[in-house]
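Step one of this worksheet: look at the structure below.
The numbers here are math on the coordinates, done by the rules we state, and not lab data. Being a predicted model, the structure only gives us computed values, none of them experimental. We place every Cβ from the backbone using ideal geometry, glycine too, and count neighbours over all the protein chains shown.
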Ligand code: NAD
Ligand code: DAU
């Protein structure tokens, strides 16, 4: 069946890979990318598909009820894949309300628009909410996050994502909307905004700038290549059981300091620098407030029930990622200078 899928946050890091995958893999679908183009939205991420006949862009804020109403009616949206969010933990510590507005209020607004537009045939439409492993809190004694792990968010970001997950499930229970939620671990790869650990460190090594490591660098994250997350989203969208939750992860835990050292070593090689040059840039800085110690996803359910698994080993993914940043200097310089924000005006005219 032909679908008209609203993908929110499609100009962001993960959203851009999801949009590219769906536009190219499913020419029979129409993909409507809704994005407010905040600092994190970059339409240059979508150059490869911007002229595809099955791709449309709508600049809109999920907090804007009238805009959502207009977009659902105009495009006759059949399904939603919701990625739009404020995504950076450090920003949530300095401005929590921005996270409540987009991640909580915006998500409820989007649920309302879908419910209103799909009323009478709710069972025919899917609302897929893309979420994070951070809703489960912080692991201290080994073990893994399962889909049944109780929520225990510790940062304003994760609290806002947890609230949005609860609203999605509440709409499924109360209004019988067909919904699915996935909770994924840390992504890395092309198009990652250089405020996040891996692209920030790559950019700073390139420019011989200090590499800020929070605390002692002992915190552990589970890393997944972004295109594998996009493939998982495709799998959950098409094969996931409505009402279910799927954890997505890389079975790939790293201490931050070890990742930073790996990046230093690989970039010294690639840039033809003396071994050890970049490690000298490592600077231990004040820890993030309330810094979660360890995240680790058990992704057995999606593997066993839906047949998804990561395609790339971390060493391979990190090579591809470093090479991408080194080969896409213009992307990086336009992001760091802010020039990427002119792309919409230049190409869409208003
Ligand atoms: P991102 O910050 O790179 O992109 C977010 C996108 O949402 C941007 O294009 C931005 O312009 C848009 N946006 C923000 N506020 C909006 C609003 N009010 N209305 C419309 N659009 C808005 O984020 P990301 O890292 O690609 O994450 C995407 C989703 O995946 C988020 O929901 C995040 O919580 C989740 N997630 C991220 C990771 C990760 O490692 N990055 C891991 C698991 C889950
Ligand atoms: O786990 C999934 C989450 O991963 C997503 O839901 C979030 O949207 C995404 O931003 C990411 O959150 P993290 O806080 O884990 O990612 P970040 O890249 O900001 O930090 C990764 C780790 O590195 C974390 O332990 C903090 C540390 N760090 C980060 C930065 C930016 C540093 O030591 N130095 C830094 O400069």
Here the relative contact order (percent) of the range 91-227, from C-alpha pairs under 8 Å and at least 6 apart, is 27
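Based solely on its DSSP helices, what 222 nm [θ] is calculated for the chain when runs of n ≥ 4 H residues each add -39,500 (n - 2.57) and the sum is averaged over all residues, nearest 500 deg cm²/dmol?
Values: 13 runs with 141 residues, N = 350.
Result for the chain, helices only: -12000 deg cm²/dmol.
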Under a Gaussian network model of the chain whose springs join Cα atoms within less than 10 Å, the largest fluctuation of 280, 59, 161 belongs to 280
Diffusion coefficient in µm²/s returned for the range 1-109 by Stokes-Einstein, Kirkwood Rh over C-alpha pairs, 25 °C and 0.890 mPa s, is 174
Kirkwood-based Rg/Rh on the Cα set of the range 142-184 evaluates to 1.01
Given 20 °C, 1.002 mPa s and a Kirkwood radius over Cα pairs, the Stokes-Einstein diffusion coefficient of the range 264-350 in µm²/s is 121
Computed from the beta carbon distance with a Förster radius of 22 Å, FRET efficiency for residue 315 and residue 347 to the nearest 0.05 stands at 0.05
Longest principal axis of the chain (C-alpha) makes with the long axis of helix 13-25 (C-alpha) an angle, in degrees to the nearest 10, of 60
extent check for the range 77-195: Cα max minus min per principal axis, descending, whole Å, gives 46, 30, 29
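Could you give the length gained on full extension between residue 24 and residue 119, defined as 0.36 nm per residue of separation minus the Cα-Cα distance, in nm?
Answer, rounded to one decimal: 31.2 nm.
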From fewest to most C-beta neighbours within 10 Å, the residues 56, 224, 263 line up as 56, 263, 224
Rounded to the nearest 5, the percent of antiparallel DSSP beta bridges in the chain equals 5
On each of the three principal axes the extent of the alpha-carbon atoms of the range 181-300, given in whole Å and largest first, is 52, 32, 21
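In what sequence do 134, 244 fall when counting other Cβ within 10 Å, fewest first? List each step's numbers first, then the result.
Numbers: 134 24, 244 16.
Taking fewest neighbouring Cβ atoms as first place, the list is 244, 134.
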Quick P(r) readout (the chain; Cα-Cα; 20 Å bins; whole %) gives 30, 60, 10, 0
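Report the full-extension gain for the segment residue 170 to residue 95: residue separation times 0.36 nm, less the Cα-Cα distance, to one decimal in nm.
Details: separation 75, 0.36 × 75 = 27.00 nm, distance 2.66 nm.
Here the answer is 24.3 nm.
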Computed over the chain: longest principal axis from alpha-carbon atoms vs helix 107-118 long axis, angle to nearest 10 degrees, is 30
Among the range 319-350, those whose backbone N falls under 16 Å of a label point 7 Å along Cα→Cβ from residue 88 are 332-341
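Checking a compactness column here: for the range 1-57, what do you get for Rg(Cα) / (2.2 N^0.38 Å), N being the number of residues?
Working: Rg = 10.3 Å, N = 57, 2.2 N^0.38 = 10.2 Å.
So the range 1-57 has a normalised radius of gyration of 1.01.
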Expected sort for 123, 44 with the fewest Cβ neighbours (10 Å cutoff) up front is 123, 44
